Amino acid sequence: MANEDKRPIVIKRIKKVSAGAHGGAWKIAYADFVTAMMAFFLLMWLLGSTARGDLKGISEYFKTPLRVALAGGSGSGDSSSIIKGGGNDLTKSNGQVKNGDVPTEKKMITIKAATDELLKLEKSKELEKLKELKRSIENAINSNAKLNQFKSQILLDITSEGLRIQIVDEKNRPMFKIGSAVLEPYTKEILQEIGKTMNQMPNKVSLSGHTDAKPYAADRKGFSNWDLSADRANASRRELITGGMDEAKVVRVVGLSSAVLFDKSDPFNPVNRRISIIVLNKKAEEAAQQDGGTIEVDAEKDEATKILGGNAANPANAAAPPSAAQ
């Protein structure tokens, strides 16, 4: 017993440490809270950025999902209204809606509108080609030392009919022999050089000859500036063909005498003596080929009534000549 009393007494103290602020249970709860908040704000953002039509479609789906599934429609899958950049107008109605809820705007595309749009495009392309041809002729003149000295007598511009090339007289440098259609050597060079470039476009060509207002000193009875201008236009046509232009491109050759003056303030100015070559655009080409065209008159309508004195309804009167109807 004495030995047992002498044994040291050992006291074991177990220190219990509370988790306090360093425990892990609260973190799980906080993570769930943050996740829920993120899901909530994501839902709010989606609802705020969805158009009214899509919201109606979603609502309609949850009301009658089977009908929507069978009938089809964009439903809640229409993402065309998701905000991008500045976002779309949220007052618009996109997506699946009930019939009659949102009026449908129908855009009518007529054949006339489509044709007009096509013609505009063709005109734009044709204008670019005419400008390119103009630059090609200018480069040909600038690169040719012989032609470059006559640059002031060659005028190029774009008109309502197409690309116009005018070769004009100067006081001391006429294109033709006086009072004749015989071309001067330099004029032949100019026309042949222009003729080389004419085949770059399929467009037809019109030629016109012009004189000043001085009366022609007639050595032939009845011969006048009208005849002289026409002869000069034809002489120019022949020289263009010699230069390489396709003969079939010519659609019109006319002599205009002094009817269309270049310098209206001075009818006797040498610049009025000129040759005008026009590379016609499509509209002018059609007008030249139709020579004014024709107008069909319906004998059963108003025009026939005017011509026949109001008796168009009577076939016998309609067949009669105007004199018989009067």
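Over the stretch 122-290, with a single point scatterer placed on each C-alpha, what log10 of the ratio I(q)/I(0) does the Debye formula yield at q = 0.09, 0.12 1/Å?
Values, matching the q order: -0.29, -0.51.
Once fully extended, how much extra length lies between Glu122 and Thr35, figured as 0.36 nm per residue of separation less the alpha-carbon to alpha-carbon distance?
25.2 nm
Checking the table Lys134/Lys196; Lys125/Lys151; Lys123/Lys196; Lys112/Lys204; Lys129/Lys264; Lys125/Lys188 against a 22 Å threshold on Cα-Cα, which pairs fail?
In this structure, Lys125/Lys151; Lys123/Lys196; Lys112/Lys204; Lys129/Lys264; Lys125/Lys188 exceed 22 Å between Cα atoms.
What are the residues whose amide H is under 5 Å from the amide H of Ser258, where those residues sit 5 or more places off or on another chain and H is modelled from the backbone?
Thr211
Starting with the highest mean, order 43-56, 230-243, 272-285 by the number of other Cβ atoms within 10 Å, averaged over the residues of each peptide.
Highest-to-lowest ranking by the protection proxy: 272-285, 230-243, 43-56.
Taking amide H positions as placed in the peptide plane 1.01 Å from N, state which residues far from Glu170 in sequence (5 or more) or on other chains have amide H under 5 Å from it.
Long-range HN contacts for Glu170: Met175.
Please list 27-34, 128-135 highest first by mean number of surrounding beta-carbon atoms within 10 Å per residue.
Put in order of decreasing packing, that is 128-135, 27-34.
Net charge within 9 Å of Leu207 by Cβ-Cβ distance, Lys/Arg positive one each and Asp/Glu negative one each, not counting Leu207 itself?
Net charge in that neighbourhood comes out at +2.
So what are the ³J(HN,Hα) numbers for the stretch 183-192, from phi and the Karplus equation (6.51, -1.76, 1.60; θ = phi - 60°), rounded to whole Hz, Gly and Pro as x?
Result, rounded to whole Hz: 6, 6, x, 5, 5, 4, 4, 4, 5, 5.
Read phi for every residue in the stretch 238-255 and hand back ³J(HN,Hα) as whole Hz from Karplus 6.51 cos²θ - 1.76 cosθ + 1.60, θ = phi - 60°, with x for Gly and Pro.
Residue by residue, the stretch 238-255 yields 4, 6, 4, 5, 4, x, x, 6, 5, 4, 5, 6, 6, 10, 7, 10, 9, x Hz.
Quick note: the coordinates plus some simple rules give every number you see, no bench work behind them. Note that this is a predicted model, so its numbers are computed, not measured. Virtual Cβ from ideal backbone geometry, glycine too; neighbours counted across all protein chains shown.
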